[in-house]
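Heads up, the thing below is written out as structure tokens.
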Amino acid sequence: MNVPKTGYRVFSANSSVACTELARKITERLGVELGKSVVFQEPNRETRVDVKESVRGQTIFIIQTIPRDVNTAIMELLVMAYALKTSCAKNIIGVIPYFPYSKQCKMRKRGSIVCKLLASMLAKAGLTHIITMDLHQKEIQGFFGFPVDNLRASPFLIQYIQEEIPDYRNAIIVAKSPAAAKRAQSYAERLRLGLAVIHGEAQCSESDMADGRHSPPCVRNTTGHTGLELPLMMAKEKPPITVVGDVGGRIAIIVDDIIDDVGDFVAAAEILKERGAYKIYIMATHGLLSADAPRLIEESTIDEVVVTNTVPHEVQKLQCPKIKTVDVSMILAEAIRRIHNGESMAYLFRNITVDD
């Protein structure tokens, strides 16, 4: 098929069923054919990419979902981007609905900001633009030296609430921690619903364990240089768990961006059930659902977990019927179309607040 030099092509960065299915939905909406390429693993686990058509002078969109083998998916994306770059593609745009390593976007003791490293690697491989969805921290966009379009899944999740949850007017939006309160407030305002916040934790949160606030030790060191005395650092005590807001006789809808280790969500659901909530839903953009998450959800008081198809989770759905999927391929396809045609992206962010 002859494609003009000013055209664009859409490629899938791996051959997994989930990525191929998402790429197929996007290309069907765009009315184009999926680019011909082969991505596979050598016997020694090295990633190999063969592009089967000319891409010279064209704008290329690479769709890459992130399965459980995150590092292999990253290498597939890097190798494909570099293959297209050396094939003289004009622009190479990564469509990465869930950006991996996004939780490692802050310094943790003597660790590193891995998200910044990944951003540098993608730029070096040849990417010139990224389309993603609901970054864990919006500040991650500053790690890139090229444009990043951080789309939102909230319109699709809100539509699901309105259409699929009976009597949603009797619901209340819940933030499982004060850190998630802004996102929950955004949902509550658009749905004209009340807001509740779960405050306090039974165990130390990830930030307390990893951000170095307990180093140096709380006890003064009497040895060493006597002229320097640091203030005594008092240990932080967690308050008992409380729910700020009335959830009695209501449908509780917990909203977040990522649901991976479901322990916190299961604990929050139990607390809400004790406070009188008669149905509990969880709405999240990225359903990583690692380890034994499906079993824990199935055995919990959670009635339904709703996630989008930014991350493959077909196996988890077979293990737990409570997991439901919302398709976001429409907004990804529209973003591709607008970028190719040079149209404004503002339409995709209408009625969306900064805190969403």
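The values are calculated or read from the model by the stated rules, or taken from the named source; none is laboratory data. What you see is a predicted model; the values in this text were computed from it and never measured. Counting neighbours? That spans all protein chains shown, and the Cβs are built from the backbone with ideal geometry, glycine included. Just so you know, the surface numbers come from the protein's heavy atoms only, side chains and all, with ligands and any DNA or RNA stripped out. Shrake-Rupley method; radii C 1.70, N 1.55, O 1.52, S 1.80 Å.
Which of the following residues is open to solvent by 60 Å² or more (accessible area, probe 1.4 Å) and free of Cβ contacts under 8 Å to residues at least 40 places away in the same chain: 274, 304?
The match here is 274.
Residue under question is residue 95, and the condition is that it be in contact with a strand residue (DSSP E or B) (Cβ under 6 Å, 6 or more places away or on another chain), open to solvent by less than 20 Å² (accessible area, probe 1.4 Å) and not in a helix (DSSP H, G or I); does it hold?
Answer is yes for this residue.
Which members of region 236-255 meet the condition of being open to solvent by 20 Å² or more (accessible area, probe 1.4 Å) and either under 17 Å from residue 323 (Cα atoms) or among the hydrophobic types (A, V, I, L, M, F, W, C) (or both)?
241, 243, 244
So for region 331-343 (the condition being under 29 Å from residue 167 (Cβ atoms), within 17 Å of the chain's Cα centre (by Cα) and touching a residue at least 24 places away in the same chain (Cβ under 8 Å)), does at least one residue qualify?
There is at least one residue in region 331-343 that is under 29 Å from residue 167 (Cβ atoms), within 17 Å of the chain's Cα centre (by Cα) and touching a residue at least 24 places away in the same chain (Cβ under 8 Å).
Of the residues 104, 141, 185, which is in contact with a strand residue (DSSP E or B) (Cβ under 8 Å, 6 or more places away or on another chain), over 29 Å from residue 303 (Cβ atoms) and either open to solvent by 20 Å² or more (accessible area, probe 1.4 Å) or not hydroxyl-bearing (Ser, Thr, Tyr) (or both)?
141 is the lone residue from the list that is in contact with a strand residue (DSSP E or B) (Cβ under 8 Å, 6 or more places away or on another chain), over 29 Å from residue 303 (Cβ atoms) and either open to solvent by 20 Å² or more (accessible area, probe 1.4 Å) or not hydroxyl-bearing (Ser, Thr, Tyr) (or both).
Could you tell me whether residue 26 is open to solvent by less than 40 Å² (accessible area, probe 1.4 Å), modelled with pLDDT of 90 or more and assigned to a strand (DSSP E or B)?
Here the answer is no, as residue 26 does not meet what is asked.
What number of residues within region 170-179 are assigned to a helix (DSSP H, G or I) and at pLDDT 95 or above?
Looking only at that region, the number is 1.
Check off (1) hydroxyl-bearing (Ser, Thr, Tyr); (2) under 26 Å from residue 68 (Cβ atoms); (3) open to solvent by 20 Å² or more (accessible area, probe 1.4 Å) for residue 132 and give me the number that stays unchecked.
(3)
Can you tell me which residues in region 66-90 are free of Cβ contacts under 8 Å to residues at least 24 places away in the same chain and either touching a Pro at 6+ places or on another chain (Cβ under 9 Å) or buried (at least 23 other Cβ atoms within 10 Å of the Cβ) (or both)?
71
Tally up the residues in region 33-65 that are in a strand (DSSP E or B), surrounded by fewer than 20 Cβ atoms within 10 Å (Cβ to Cβ) and not β-branched (Val, Ile, Thr), please.
5
Please go through region 125-167 and give me each residue that is more than 12 Å from the chain's Cα centre (by Cα) and in a loop (DSSP other than H, G, I, E, B), ordered by number.
126, 127, 128, 144, 145, 146, 147, 165, 166, 167
As an exercise: evaluate residue 159 against (1) farther than 30 Å from residue 269 by Cα; (2) open to solvent by 40 Å² or more (accessible area, probe 1.4 Å) and give the number of the one condition it does not meet.
(1)
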